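Some notes on the structure that comes next.
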Amino acid sequence: MPEAAQVRIVGTVVSTYTRIVEITCEEAGLTHEIIPTPANSPQNRHPFGKVPVVEVDGLELIESGAIAHYLDSTHNAAALQPREPASRATADTWIAIGNNYLFLLFERGLVMPYVMHRHGGFPLDVQSINRALPDIGRALGFLEAELQRDGAWTACGFTLADVFLYPIIRSLQMTPQGAAGIAQCDALAAWLTLCEKRPSIRASRWESEK
Ligand SMILES: N[C@@H](CCC(=O)N[C@@H](CS)C(=O)NCC(=O)O)C(=O)O
């Protein structure tokens, strides 16, 4: 009988946050499987109807930040978390920026309108897109300036900051306006290309990227 995966990821298969957990598992060398479950279905045990919910080590965990820190700390010698407190604060700041501002802005402004159009057959919500484009442009300008100045999100190589920011920014790049905006950001585009060389990023590619 095949051995059970060490990590069960209950969530939608094509999801930014499911992918964040997948990348963390890949980095930690943890076997994992996705139990396809829509966010707002009765089977989903997240109290606020979000995905993913993760089962690992006899625990049930929610919230990608808590999940990623747990997996990395317990199964990867915290290799994705800077040891030094100031650098760790920088990594955590980027995770918070990704979760609290970038994800919501990109998801509502471009990613979901295109998902609904391409996969749901709905007319493209041009109004929402046009409303969000100035803020998305400003966010990309901010990210580009930070990367131009520092060369990386932290001074500690590939960290959880990269794990969180990659799927958030990559999903934006998969929309026409997102791709055009990112193409104008040399440092950001180069960082995405660098991430794509990493086995954990390649192993977690969405079907639409293959
Ligand atoms: N704070 C949650 C956010 C997770 C999240 O927003 N997941 C999205 C999928 S990528 C979701 O569940 N969306 C469904 C919804 O909001 O109804 C976390 O960090 O895990």
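Closer than 16 Å to G65 by Cα, within 8 Å of the ligand (Cβ to nearest atom) and crowded, with 24+ Cβ neighbours inside 10 Å - does that describe any residue in region 23-36?
Checked against the condition, which is being closer than 16 Å to G65 by Cα, within 8 Å of the ligand (Cβ to nearest atom) and crowded, with 24+ Cβ neighbours inside 10 Å, region 23-36 yields no hits at all.
Which of the residues that make up region 1-21 are under 15 Å from T37 (Cβ atoms), at pLDDT 95 or above and among the polar types (S, T, N, Q)?
Across region 1-21, the qualifying residue is only T18.
So which residues in region 1-22 are under 22 Å from L110 (Cα atoms) and either surrounded by 18 or more Cβ atoms within 10 Å (Cβ to Cβ) or near the ligand (Cβ under 8 Å from one of its atoms) (or both)? Please lay out each step first, then the result.
Residues of region 1-22 under 22 Å from L110 (Cα atoms): 11-20.
Within region 1-22, G11, T12, S15, T16, Y17, T18, R19, I20 meet the criteria.
Considering only residues of region 121-177 that are without any contact (Cβ under 8 Å) to a residue 60 or more places away in the chain and of a type in the set (F, W, Y), which is surrounded by the fewest Cβ atoms within 10 Å (Cβ to Cβ)?
If we take residues in region 121-177 being without any contact (Cβ under 8 Å) to a residue 60 or more places away in the chain and of a type in the set (F, W, Y), then F122 is surrounded by the fewest Cβ atoms within 10 Å (Cβ to Cβ).
The values are calculated or read from the model by the stated rules, or taken from the named source; none is laboratory data. All figures in this text were calculated on a predicted structure; none of them were measured in a lab. When we count neighbours, we look across all protein chains shown, and the Cβ atoms used for this are built from the backbone with ideal geometry, even at glycine.
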